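Input: a single structure, listed below in structure tokens.
The values are calculated or read from the model by the stated rules, or taken from the named source; none is laboratory data. From a predicted model like this one, the values you see are computed outputs, not experimental measurements. Here the Cβ positions follow ideal geometry from the backbone for every residue, glycine too, while neighbour counts run over all protein chains shown.
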Amino acid sequence: MTTNARGHLACPRCGEEMEVKGVQGIAIDRCPNCFGIWFDKGELESIEKGGGADMVRLLSMGSPFDDADMSQPWNDLNRDDDRAHAQCPRCSAAMERHRDGIDRTLIVDRCVACGGTWYDGGEAGRHLEAIRDEGVFAYLKRIIFK
Ligand SMILES: [Zn+2]
Ligand SMILES: [Zn+2]
């Protein structure tokens, strides 16, 4: 486990102790250093449906990784760097890199063991903005018929 005595998760990217933020009654874990956000299984979907997207966008702003991310070759999901081997902050399993289902330019870390997803700073906001751009109908169609 990567929780400390207070039960806070450690950031899978920078190791900082994450803080718990309540969004619509859902407790999400957010790194105060690199602004990445951890969503346990189903949490992000609940926030999308519940209209808390703006809150999450604000929480994920200000990422020091933004510049670096934009220059990454997104077509190489299995590139051998630190990011490909991040550990799940919840259950310590090795996470896999997946292309985000909404914003296809995003590569997120997903834990197949517990179903959680890690978004680096700014990425959760981009995911939610993509949903807004796509429109609610198209989004629902996508999640129903995927
Ligand atoms: Zn961090
Ligand atoms: Zn996990």
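Quick one: count up the residues across the range 11-28 that are hydrophobic (A, V, I, L, M, F, W, C), more than 15 Å from D120 (Cβ to Cβ) and within 16 Å of ligand 1 (Cβ to nearest atom). Walk me through how you get there before you give the answer.
Here is the first cut: in the range 11-28, the residues hydrophobic (A, V, I, L, M, F, W, C) are 11, 14, 18, 20, 23, 26-28.
Checking the rest, the ones that are also more than 15 Å from D120 (Cβ to Cβ) come to 20, 23, 26-27.
Those left that are additionally within 16 Å of ligand 1 (Cβ to nearest atom): 20.
Final tally of qualifying residues: 1.
Pick from the range 17-28 the residues that are within 19 Å of V108 (Cβ to Cβ) and modelled with pLDDT under 95: which of them is nearest to ligand 2 (Cβ to nearest atom)?
From the range 17-28, those within 19 Å of V108 (Cβ to Cβ) are 18, 21, 23, 26, 28; that's our starting set.
Cutting the leftovers down to modelled with pLDDT under 95 gives us 21, 23, 26, 28.
On the way: K21: 19, V23: 20, I26: 17, I28: 15 Å.
Selected residue: I28.
Could you tell me which numbered condition D69 fails, if it satisfies all but one of (1) surrounded by 15 or more Cβ atoms within 10 Å (Cβ to Cβ); (2) at pLDDT 80 or above; (3) within 21 Å of C14 (Cα to Cα)?
(2)
If you take the residues of the range 109-146 that are β-branched (V, I, T) and in contact with a helix residue (DSSP H, G or I) (Cβ under 7 Å, 6 or more places away or on another chain), which of them is modelled with the lowest pLDDT? Quick ask: steps written out before the conclusion?
Going residue by residue through the range 109-146, those that are β-branched (V, I, T) are 112, 117, 131, 136, 143-144.
Subset that is in contact with a helix residue (DSSP H, G or I) (Cβ under 7 Å, 6 or more places away or on another chain): 117, 131.
Details: T117: 96, I131: 80.
Ranking the qualifying residues of the range 109-146, first place goes to I131.
Could you run through the range 37-61 and say how many residues are at pLDDT 90 or above and closer than 17 Å to E129 by Cβ?
Residues meeting the conditions: 3.
Select from the range 103-125 the residues that are touching a residue at least 40 places away in the same chain (Cβ under 8 Å), out of contact with any Gly (no Cβ under 7 Å at 6 or more places or on another chain) and assigned to a loop (DSSP other than H, G, I, E, B) and write down the one among them that is nearest to ligand 1 (Cβ to nearest atom). Let's see the steps before the verdict.
Just the residues of the range 103-125 that are touching a residue at least 40 places away in the same chain (Cβ under 8 Å), to begin with: 109, 114-125.
Subset that is out of contact with any Gly (no Cβ under 7 Å at 6 or more places or on another chain): 109, 114-117, 122-125.
When the remaining residues are screened for being assigned to a loop (DSSP other than H, G, I, E, B), the result is 114-116, 122.
Details: C114: 19, G115: 21, G116: 15, G122: 12 Å.
In this case the residue turns out to be G122.
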